[in-house]
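See structure below.
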Amino acid sequence: MLAMKLSLAVCSLIILSGCFGRDYRGGIMRYEMGRAYTGTRSFAIQSPPKPWKGPKLKYKEMVYTHDGIGGTIVTDALCGPKFEDTPVVLLAKHLFYKLDHAQIKPARYFTLDGREAVRVDGTGSMDGVPLQMQVVVMKKNFCLYDFVYFAPPKSFAAGRKDFENYYQSLEAP
């Protein structure tokens, strides 16, 4: 029963990571040999190591899963002027809105691929399933990049370094 609840929570978070009024003419259309392709651009990013599985394309997002820890990594990229005026910290915090009892830690700013990015950590639950989540958001040349990692709190730390190495491999135009 817990596995089924976690699967439902994962599906909901995949959808929420890209839904907030976004225009679905964008998003990731395909991934080939280390490159993700949006409708108008492409960017390089290395897949997480095994035993992560993926990427699968769902709702125009790249999704990796790790059965051993119950973890999921979701990546979204949308290009165009729609988000240019919205601060990255607001975009990052918005990704927590579907969690019940969300507790969000202060944002941390850093440089990712030569641009300012923000990392936000938090916990909460979805459908009664506790989750821990880390979100990284960056804007570069009219593109918005979202990286989301979530897992049960007891196994979250086991996938954190893979997630960090994953988003740090980004090479965007």
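Quick note: the coordinates plus some simple rules give every number you see, no bench work behind them. Keep in mind it's a predicted model, so treat the numbers as computed, not measured. Note: ideal-geometry Cβ built from the backbone for every residue, glycine included; neighbour counts use all protein chains shown.
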For this session: Based on other C-beta atoms within 10 Å, arrange ASP67, ASP162 from fewest to most.
Result: ASP67, ASP162
Problem set entry | Footprinting exposure proxy for HIS101, HIS94 (fewest neighbouring C-beta atoms within 10 Å first) | HIS101, HIS94
Exercise. For the residues PHE150, PHE142, PHE96, PHE163, what sequence is obtained by ranking on other C-beta atoms within 10 Å, fewest first?
Worked result: PHE142, PHE96, PHE163, PHE150
